[in-house]
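Scroll down for the structure; my scribbles are underneath it.
The values are calculated or read from the model by the stated rules, or taken from the named source; none is laboratory data. Because the structure is a prediction, the values reported are computed rather than measured. Cβ atoms come from the backbone with ideal geometry, glycine included; neighbour counts cover every protein chain shown.
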Amino acid sequence: MGRREQLIAEFWRRGDLQYKLWNNVQRKIKLKLQDCLDRKTGMLFVNAARGTGKTTLACNTSLEVIRSLTIKKPQVFFATAFAEDLRSIITPTFERLMEDKPPQIKITHVPSKKMYLDHGTGGLMHYRGLDLKRNSLRGNYADFVVLEECQNIKSLGYQWNYVIKQLFRHRPNPLCMFIGTPPETPDHDWVELMELARLSDSYIELTIDEHDMLSEEEKAFLMKDIRPDAIQREFYCKLVVDSTRAIVPEWRDEFVQEIEHDRFRPFYHNYNALDMGVKRDYTAGLIGYYDFLRAAIVIEHEYEIMGPEMTTKLLAKLIKDKEKEAVPDWRFHKRVADNNWPLMVQDLNIDYDLPFISTDKAALRTMVNKVRIWADAGRILIHPRCKKLLGCLRTGIWNEQRNEFGTSFVYGHYDWLAALVYLVRNIDEGINPIPPYFGINLASPNTVIIPGHKKGIVKRFGE
């Protein structure tokens, strides 16, 4: 046995098959997977372009898990949207990956039971097609689950919440790996789970441009004769939302910025906007300021409380704590809330010294259009920490009748976006809060103030 064969045999014995990763995309996904395991997030959502080797990586990782020396009788479930994919793609990939397996390591394929058995560790790898039986993933436990092409799995949310989570009970460090490209419609559980993964930093997005082993000519060939919207989905990982249903189709990631405060920041008007939730909706709030020189609203903080657990006392404490954290040294110019709960707004004003003004929601389309205009002009800047507001802007859609916001089990009725709509409507953009003589030495003999009708006009001469 040569040196190379010895190394490969040792890698198989340890259950470390990273030597099979052949491109940059696979290596990045593997690093993110290890990060999620270290932080025990329970999930990793992989939004990666076609042809980047993500399926091979998932199969390779599954083999590593059933070869694990640290997990007692490891068990893996590998599921696809369609059973046909198992025959044509998944099992051939497993067989190819095991071509260099040393003969002393016995992994047996049992087609009748749709599984692979590792005789050394007792590890099992089950493979299932979810189109044949929705509950085919049910079992006693799992350490690793792969959902392949999950944008085509109609029961994706059901699988995660009612099947996979049950498999993870009492296991030391389980993980579910969602793999796919964006669906053709935002009305899919894929979108919701992607946003959940973003919130826990369990999301990775890799476009075809990050594939280090494809030439420009090869990329062009792969995308030849494909519709532009399909190219954006399949190769650039973009959720292409129907522009007639997207609430703010003008939103772009370039508006996610961490703005450095300048010397005028103490004078800018601070705002707090609140969308009050009822029943199962969130009560969602935003804190920011209007940058007069940029003519832009800057959102730096967000907060939330669930409707059923909310009381005026708890909400008031949350608001005061968040305001103290966000702007400890400056006053608020205006606090804005919707008019769903007028009595609660009154209680905040009178009992808790938090004066909110109610905003009318009758002209919702008009209010949203103003947000769209401001977004398109780059007049809305949002700190990266405001993940839920950003999620609402990325995925927010109207209902099918286009008369109110749609529903998301992650963002409710896109409540943070609603708060932004109220905020933009109530900005006092015509008021310059910067003192007229700020930064000018009025005592200097070279400064002359000429009285005017409303304000003095300052003339400065060479010092």
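Working only within segment 65-85, note down all residues that are surrounded by 21 or more Cβ atoms within 10 Å (Cβ to Cβ) and either more than 20 Å from Cys150 (Cα to Cα) or among the aliphatic types (A, V, I, L, M) (or both).
Within segment 65-85, the first condition is being surrounded by 21 or more Cβ atoms within 10 Å (Cβ to Cβ), and the residues that meet it are 65-67, 74-80.
Selection gives Val65, Ile66, Arg67, Pro74, Gln75, Val76, Ala79.
Among helices (runs of 4 or more DSSP H) entirely within segment 325-424, having at least 3 residues that are in contact (Cβ under 8 Å) with a residue 40 or more places away in the chain singles out 364-376, 387-395.
Give the residues of segment 227-237 that are modelled with pLDDT of 90 or more and assigned to a loop (DSSP other than H, G, I, E, B), sorted by residue number. If the condition is that a residue be modelled with pLDDT of 90 or more and assigned to a loop (DSSP other than H, G, I, E, B), then Phe235, Tyr236, Cys237 are the ones that fit. The single residue among Arg245, Arg227, Arg263 that is under 21 Å from the mean Cα position of the chain (by Cα), surrounded by fewer than 18 Cβ atoms within 10 Å (Cβ to Cβ) and either farther than 30 Å from Val76 by Cα or touching a residue at least 24 places away in the same chain (Cβ under 8 Å) (or both) turns out to be Arg245.
Could you say which residue among Leu239, Leu293 is in contact (Cβ under 8 Å) with a residue 24 or more places away in the chain and surrounded by fewer than 15 Cβ atoms within 10 Å (Cβ to Cβ)?
Values: Leu239 fails: surrounded by fewer than 15 Cβ atoms within 10 Å (Cβ to Cβ).
Leu293 is the lone residue from the list that is in contact (Cβ under 8 Å) with a residue 24 or more places away in the chain and surrounded by fewer than 15 Cβ atoms within 10 Å (Cβ to Cβ).
Kindly provide the set of residues from segment 87-106 that are surrounded by fewer than 16 Cβ atoms within 10 Å (Cβ to Cβ) and in a loop (DSSP other than H, G, I, E, B), ordered by number. Those that are surrounded by fewer than 16 Cβ atoms within 10 Å (Cβ to Cβ) and in a loop (DSSP other than H, G, I, E, B): Glu99, Asp100, Pro102, Pro103, Gln104, Lys106.
The single condition among (1) within 30 Å of Ala220 (Cβ to Cβ); (2) at pLDDT below 95; (3) of a type outside the set (Ser, Thr, Tyr); (4) in contact with a Ser or Thr (Cβ under 7 Å, 6 or more places away or on another chain) that Gly129 does not satisfy is (1). The numbered conditions (1) modelled with pLDDT of 90 or more; (2) surrounded by 21 or more Cβ atoms within 10 Å (Cβ to Cβ) are all true for Tyr282 except (1).
Please go through segment 147-172 and give me each residue that is over 19 Å from Ala48 (Cα atoms) and among the aliphatic types (A, V, I, L, M), ordered by number. It would help to see each step written out before you state the result.
Narrowing segment 147-172 to residues over 19 Å from Ala48 (Cα atoms): 154-155, 157-172.
Val163, Ile164, Leu167, listed by residue number.
Summed over segment 333-374, the residues that are touching a helix residue (DSSP H, G or I) at 6+ places or on another chain (Cβ under 7 Å) and surrounded by 14 or more Cβ atoms within 10 Å (Cβ to Cβ) give a count of 16. Residue-level check: of (1) outside any strand (DSSP E or B); (2) surrounded by 14 or more Cβ atoms within 10 Å (Cβ to Cβ); (3) of a type outside the set (A, V, I, L, M, F, W, C), His109 misses just (1). Evaluation of Ser243 against the conditions (1) assigned by TED's automatic domain parsing to the domain that holds Leu57; (2) modelled with pLDDT under 90 shows that the sole unmet condition is (1). Only a single criterion out of (1) surrounded by 20 or more Cβ atoms within 10 Å (Cβ to Cβ); (2) touching a Ser or Thr at 6+ places or on another chain (Cβ under 7 Å); (3) assigned by TED's automatic domain parsing to the domain that holds Ala81 is not satisfied by Ser200, namely (1). Of the residues making up segment 289-332, those that are of a type in the set (Gly, Ala, Ser) and within 25 Å of Val371 (Cβ to Cβ) are Ala295, Ala296, Gly307, Ala326.
Can you find a residue in segment 402-419 that is basic (Lys, Arg) and closer than 30 Å to Phe292 by Cα? Steps first, please.
If we filter segment 402-419 for residues that are basic (Lys, Arg), which is where we start, we get 402.
Cutting the leftovers down to closer than 30 Å to Phe292 by Cα gives us none.
Looking through segment 402-419, none of the residues is basic (Lys, Arg) and closer than 30 Å to Phe292 by Cα.
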